[in-house]
Amino acid sequence: MQNFTHQIPTTIHFGKGQISHLTELKASGSKVLLVYGGGSIKKSGIYDEALEILKSVDLEVFELSGVDPNPRIESVRKGAEICKKNNIDMVLAIGGGSVIDCAKVVAGAALYDGDAWDLVKDFRLVKRALPIYSVLTLAATGSEMDTAAVISDMTLNDKLPTFSPCFLPTMSICDPTYTFSVSKRQTASGTADIMSHTLESYFNNNDDAFLTNRFAESILLTCIKYGPLAIEEPDNYEARANLMWASSNAINGFIKAGCNIAWCVHPMEHELSAFYDITHGIGLAILTPHWMRHVLSEATAPKFAEYGINVWGIDSSLPAMTIAEEAIEKTAVFFTESLGIPATLRETGITDESKFEVMAEKAAASCKNAYVPLTKEDVLAIFKAAF
Ligand code: NZQ
Ligand code: ZN
């Protein structure tokens with residue numbers, strides 16, 4: 001096992017009615033910027049519920065609304081401006097990963113003198129941030145309990161992750177009932193995203209990190225059991241609760257402890273979103289089986305076989321390569337048939353391959369240290385196969 005440091009100071013209040021803990025924001029001051037998306041929180045009533053609690057402890061609320069899926073730098077700039085102008089003390093995100101990510105960079109940009117995009121391009125510039133709080137409404141990204149934020153500048157076709165310990169929320173409220181209203185498509189996308197975060201960590205070269213690898217398998221098993229159930233029965237609390245807790249634990253550092261990890265499917269997907277604005281989890285589900293097929297070899301077959309046996313229950317007496325191939329097919333079929341996600345990029349509305357070359361070049365820059373290092377040619381082949 002590799003050395004590691006694991007520290008997650010985020011307080012999680014998990015379960016029904018935990019929104020009452022919003023009174024704890026009082027500890028960070030008196031002025032809060034409430035960040036939300038296109039209106040789902042108004043439809044569901046969470047907006048009214050939250051405002052009532054915030055007002056009950058005399059918090060003054062400012063608002064940044066309309067944060068897009070694949071959040072834009074323009075929203076971040078707007079939020080930072082509101083913070084600077086009004087001496088905001090803290091930021092509260094209510095929504096999915098896009099809203100929380102936007103709020104994180106707003107919190108950093110509020111205390112930064114230059115342009116917010118600097119903090120996205122170079123995470124080392126993030127030295128401080130306002131306290132960040134979140135109420136999670138979609139189980140997917142794990143942003144409620146991690147150091148990351150992903151922001152897009154569509155004028156540059158850039159979608160980039162930035163990271164800082166300052167971006168760890170002080171507190172996140174995870175009430176699974178808030179995800180009952182998430183559409184089938186977004187539930188599928190979220191489940192695929194949780195699985196992808198797990199697979200990005202699970203496919204590592206640290207076989208000696210036995211415990212960590214078994215934890216990862218348990219998250220995959222949770223998604224396989226509960227993703228389809230949540231799609232079928234949107235208000236199934238057990239399904240929504242298990243997916244929600246899986247989302248946080250897939251990315252908070254827990255399943256990479258003791259392993260050398262460098263993600264590669266995510267950098268590829270971020271190019272798809274940057275050029276075609278597609279839904280993150282959908283892109284991941286389409287790319288993942290193609291990535292698996294591309295990196296399967298005699299050298300990687302034992303790891304894929306371990307995955308096939310422990311996650312998909314494939315007969316362990318079969319040859320490793322046979323198990324590996326079957327595991328990859330089961331993964332692909334799960335995404336398409338159990339989650340209802342399209343099998344090809346073409347089906348998401350991408351109609352031409354003309355951008356793939358430049359996208360592959362950008363993504364490959366992040367794939368050099370991956371489980372199986374990928375070149376621009378490798379990434380291009382994966383894009384083309386997925387198309
Ligand atoms: O905008 P509203 O009206 O809130 O609607 C949203 C949005 O249209 C809707 N939604 C959210 N909660 C809902 C709901 N609809 C009904 N009921 C609810 N309870 O769902 C739509 C998608 O929301 P979004 O926040 O975009 O989804 P998600 O949570 O999947 O976030 C995706 C973004 O996070 C980034 C992705 O790249 C993408 O930009 N990621 C962030 C990561 C991180 N911070 O660690 C890691 C991930 O790998 C990922 O890259
Ligand atoms: Zn993701």
Evaluate the Kirkwood expression for the hydrodynamic radius of the stretch 291-387, namely the inverse of the mean inverse distance over all pairs of different C-alpha atoms, and round to one decimal in Å.
-> 14.8 Å
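Compute the normalised compactness of the stretch 41-129: alpha-carbon radius of gyration over 2.2 N^0.38 Å, N being the residue count. Working shown, then result.
Working: Rg = 13.4 Å, N = 89, 2.2 N^0.38 = 12.1 Å.
With N residues counted in the stretch 41-129, Rg over 2.2 N^0.38 Å equals 1.11.
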Top positive-direction residue, dipole computed over the stretch 129-226 with Cβ charges, set SER181, PRO161, ILE194 = SER181
Rounded to whole Å, √(5λ) for the Cα gyration tensor eigenvalues of the stretch 117-183, largest first, gives 25, 17, 8
Over the stretch 257-335, the quotient of the Cα radius of gyration and 2.2 N^0.38 Å is 1.21
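Using only the Cα atoms of the chain, what semi-axes does the equivalent ellipsoid have when each is the square root of 5 times a gyration tensor eigenvalue? Give whole Å, largest first. Don't jump to the answer; show the numbers that get you there.
On the way: eigenvalues 234, 104, 75 Å².
So the equivalent ellipsoid measures 34, 23, 19 Å along its semi-axes.
Taking the Cβ of VAL379 as the centre, find all other residues whose Cβ is under 12 Å away and add up their charges (Lys, Arg: +1; Asp, Glu: -1).
Numbers: positive: LYS362, LYS368, LYS376, LYS384; negative: GLU269, GLU271, GLU357, GLU361, GLU377, ASP378.
Charge balance near VAL379 sits at -2.
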Distances over 22 Å make up what percent of all Cα-Cα pairs in the stretch 1-73?
-> 39 percent
Over the chain, relative contact order from alpha-carbon pairs under 8 Å, at least 6 apart, % | 15 percent
Proximal lysines relative to LYS256, as straight alpha-carbon distance under 27 Å, when same-chain residues fewer than 8 apart are discounted | LYS104, LYS121, LYS127, LYS159, LYS225, LYS303, LYS330, LYS362, LYS368, LYS376
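Report the equivalent ellipsoid semi-axes for the stretch 210-313 in whole Å, largest first, defined as the square roots of five times the eigenvalues of the gyration tensor built from alpha carbon atoms.
23, 20, 14
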Spatial separation of Cα centroids for the stretch 189-210 and the stretch 39-67, in angstrom = 35 Å
Between VAL35 and residues 5 or more places away or on another chain, the pairs with built amide H atoms under 5 Å apart involve LEU64, LEU92, ALA93, ILE94
Pull the list of the chain cysteines that no other Cys approaches to under 4.7 Å, Cβ to Cβ.
-> CYS83, CYS102, CYS166, CYS174, CYS223, CYS259
Would you kindly calculate the translational diffusion coefficient of the stretch 61-218, applying Stokes-Einstein with the Kirkwood radius from alpha carbon pairs, for 10 °C and a viscosity of 1.306 mPa s, and quote it in µm² s⁻¹ without decimals?
-> 97 µm²/s
Extension length gain for LYS84 and ASP352 (0.36 nm per residue less Cα distance), in nm, is 92.2 nm
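Could you pull out the GluC sites (Glu not before Pro) across the stretch 239-320 that fall in loop regions by DSSP (anything but H, G, I, E, B) with no more than 11 other Cβ atoms inside 10 Å?
Values: sites: GLU269, GLU271, GLU298, GLU306; in loops: GLU298.
Of the GluC sites (Glu not before Pro), the ones in loops of the stretch 239-320 whose Cβ has at most 11 other Cβ atoms within 10 Å are GLU298.
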Divide by every residue of the chain the summed helix terms, -39500 (n - 2.57) for each DSSP H run of at least 4, and state the resulting mean residue ellipticity at 222 nm, rounded to the nearest 500 deg cm²/dmol.
-> -14500 deg cm²/dmol
GLU60 versus MET321, label points 7 Å from Cα toward the beta carbon: distance in nm?
-> 7.0 nm
Helix 280-295 versus the longest principal axis of the chain: what angle, 0 to 90°, nearest 10, using Cα atoms?
-> 30 degrees
For the stretch 346-387 and the stretch 106-161, compute the distance between their C-alpha centroids and round to whole Å.
-> 25 Å
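Quick note: the coordinates plus some simple rules give every number you see, no bench work behind them. Remember, predicted model here, so these are calculated numbers, not experimental data. In this analysis, Cβ positions are derived from the backbone assuming ideal geometry, glycine residues included, and neighbour counts consider all displayed protein chains.
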